[in-house]
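Written below as structure tokens is the structure these notes are about.
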Amino acid sequence: LAAAALSALAVPASTAAQPSGETLPERITLSWAIARALAHNPELAAADARVLAMQERPPQEGALPDPMLMLRYHNEDWGPSFGRSDFSFFELGVEQELPLGGKRAVRRQIAEREALRERAMRDMTALMVLARVGMQLAELAALERTDAALGESLSLLETLIAQTASRYSVGEAEQQDV
């Protein structure tokens, strides 16, 4: 019962398989379930990857754009005529875009805020996963209590049947009691 309930513990249905090599504890505790969810939940792994990616953006946004190197050859004749025609030339150039003052700093601040927002989204995802863990663990506890109560009821019924059968065998009970 515990293994069946654990298979869905804070992991979406499509990825409910248990990681290889991991053994279930005899009694599932909240701390174990939380640790497992934080370590193996694919939603959290994806959120962590997005946070790492967003944290790499601010330095890039604050940097100058890449410089460009240009090489151009212009020829007016049908064949190569470099040096023989006034309109034939080679051009070599370097181009660097220099944004107006403050634009790079603003882009960097925007990227930093987006990284903070992504971190908050990751924290929200973690809280949602932990809430699902708590709900599923509470459901598991309720199922275990129900299972124990049903087991006790079954045991009581078996004892009652055995007593009634023994009373019938000595003639103290009627057949309809059995």
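The values are calculated or read from the model by the stated rules, or taken from the named source; none is laboratory data. These numbers come from a predicted model, not from an experiment. Virtual Cβ from ideal backbone geometry, glycine too; neighbours counted across all protein chains shown. Accessible surface is based on the protein model in full, side chains and every heavy atom, while ligands, DNA and RNA are left aside. Shrake-Rupley method; radii C 1.70, N 1.55, O 1.52, S 1.80 Å.
At a glance:
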{"read-out": "Pair-distance profile P(r), taking every C-alpha pair of the range 25-134, with 5 angstrom steps and integer %", "value": "2, 10, 12, 10, 9, 8, 7, 7, 6, 6, 5, 5, 4, 3, 2, 2, 1, 0, 0"}
{"read-out": "Label-point separation in nm, SER88 to ALA173, each point 7 Å along Cα→Cβ", "value": "11.8"}
{"read-out": "Computed accessible area, MET135, all protein chains, 1.4 angstrom probe, square angstrom", "value": "120"}
{"read-out": "In range of the label at GLN55: residues from the range 30-46 whose backbone nitrogen is under 20 Å from the point 7 Å along Cα→Cβ", "value": "38-46"}
{"read-out": "Label-point separation in nm, LEU69 to LEU38, each point 7 Å along Cα→Cβ", "value": "5.0"}
{"read-out": "Value of relative contact order over the range 30-178, rounded to a whole percent, pairs C-alpha under 8 Å and six or more apart", "value": "27"}
{"read-out": "Label-to-label distance, nm, for residues given as ASP48 and GLU152 (7 Å Cα→Cβ offset)", "value": "4.2"}
